[in-house]
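The values are calculated or read from the model by the stated rules, or taken from the named source; none is laboratory data. Predicted, not measured: the structure shown is a model, and the values here were computed from it. Reconstructed Cβ throughout: ideal geometry from the backbone, glycine too, with neighbour counts over all protein chains shown.
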Amino acid sequence: MSLNPSLDRMSAASERPAGSPSAGEPALLVVGKIRRPHGVAGEALVEIHTDFPERLAPETRVFVGPAHQPLTIRKRRPHKDGLLLTFEDITTPEQVGLLRNQLLYIPAAERHPLPEGEYYHHQILGLSVVDENGQELGKLAEILETGANDVYVVTRDDPQYPKNGYTRTGAGGTELLLPAISDVILDVDLPRKTMRVHLLPGLVEEGTSDR
């Protein structure tokens, strides 16, 4: 089984349930990052990379770094925007220092179930995005997290795609930005790896872009 980690973040996308995991499901999800030692008792300052920090609870087994070293959380307490964690068999700041800037993972099978119509980022990245008529607009390549709502970056390899609303990228293709709101995202079909969207007036227009 390939250990292909993915960020443990969720994304409001449509009004359909997430459904079953796809064949490309990652084995591990990133839930945090060890920043540095804290104090002299072996505590680690951890940056949170999950919408469900409660999962980082005592007795939880996590995997650390590219070697996926298994560790069990012994204690936790809040600290500003992060957490202070202690692990079994790690009792000194020197031991924590060896884990500095390494990611914390959990098995994807242990991910928190999401409400209907919400998806983890790794579930929708790479989906083929089509309009209401079935015309392919590109692939969902990136998710931008903003204060109001996520924005989906849809890319095409064709730099001459004849629609305004697309902008050229440095990689020689074009991209389209779609707000992740219910008026735009109509449905997500994970088994078919597609996302169907409604293009609001003015978002994409026929004609050659001069950008």
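Close contacts from region 64-82, counting a first residue that is farther than 16 Å from Gly97 by Cα and a second that is of a type in the set (D, E, K, R), with Cβ to Cβ under 7 Å and a gap of 6+ residues or different chains, come to Pro70/Arg61; Thr72/Glu59; Thr72/Arg61; Thr72/Glu88; Ile73/Glu59; Arg74/Glu88; Gly82/Glu47. Can you tell me how many residues in region 165-205 are of a type in the set (Lys, Arg) and at pLDDT below 85? So the count comes out to 1.
Within region 39-69, being closer than 17 Å to Thr91 by Cα and assigned to a loop (DSSP other than H, G, I, E, B) holds for Gly39, Val40, Ala41, Gly42, Pro58, Glu59. Take the residues of region 91-122 that are in a helix (DSSP H, G or I) and modelled with pLDDT of 90 or more: which is surrounded by the most Cβ atoms within 10 Å (Cβ to Cβ)? Ranking the candidates gives Val96 first.
Look through Leu137, Leu144, Leu84 and report the one residue that is in contact with a strand residue (DSSP E or B) (Cβ under 7 Å, 6 or more places away or on another chain), at pLDDT 95 or above and at negative phi.
Values: Leu137 fails: at pLDDT 95 or above; Leu144 fails: at pLDDT 95 or above.
Every option except Leu84 fails the conditions.
The residue pairs whose first member lies in region 100-114 and is more than 16 Å from Asp51 (Cβ to Cβ) and in contact (Cβ under 8 Å) with a residue 12 or more places away in the chain, whose second member is part of a helix (DSSP H, G or I) and not basic (Lys, Arg), and whose beta carbons are closer than 6 Å, counting only pairs six or more residues apart or on different chains, do not exist in this structure.
Every residue in region 38-89 that is of a type in the set (Gly, Ala, Ser) and within 28 Å of Tyr119 (Cα to Cα), please. Of everything in region 38-89, those that are of a type in the set (Gly, Ala, Ser) and within 28 Å of Tyr119 (Cα to Cα) turn out to be Ala57, Gly65, Ala67, Gly82.
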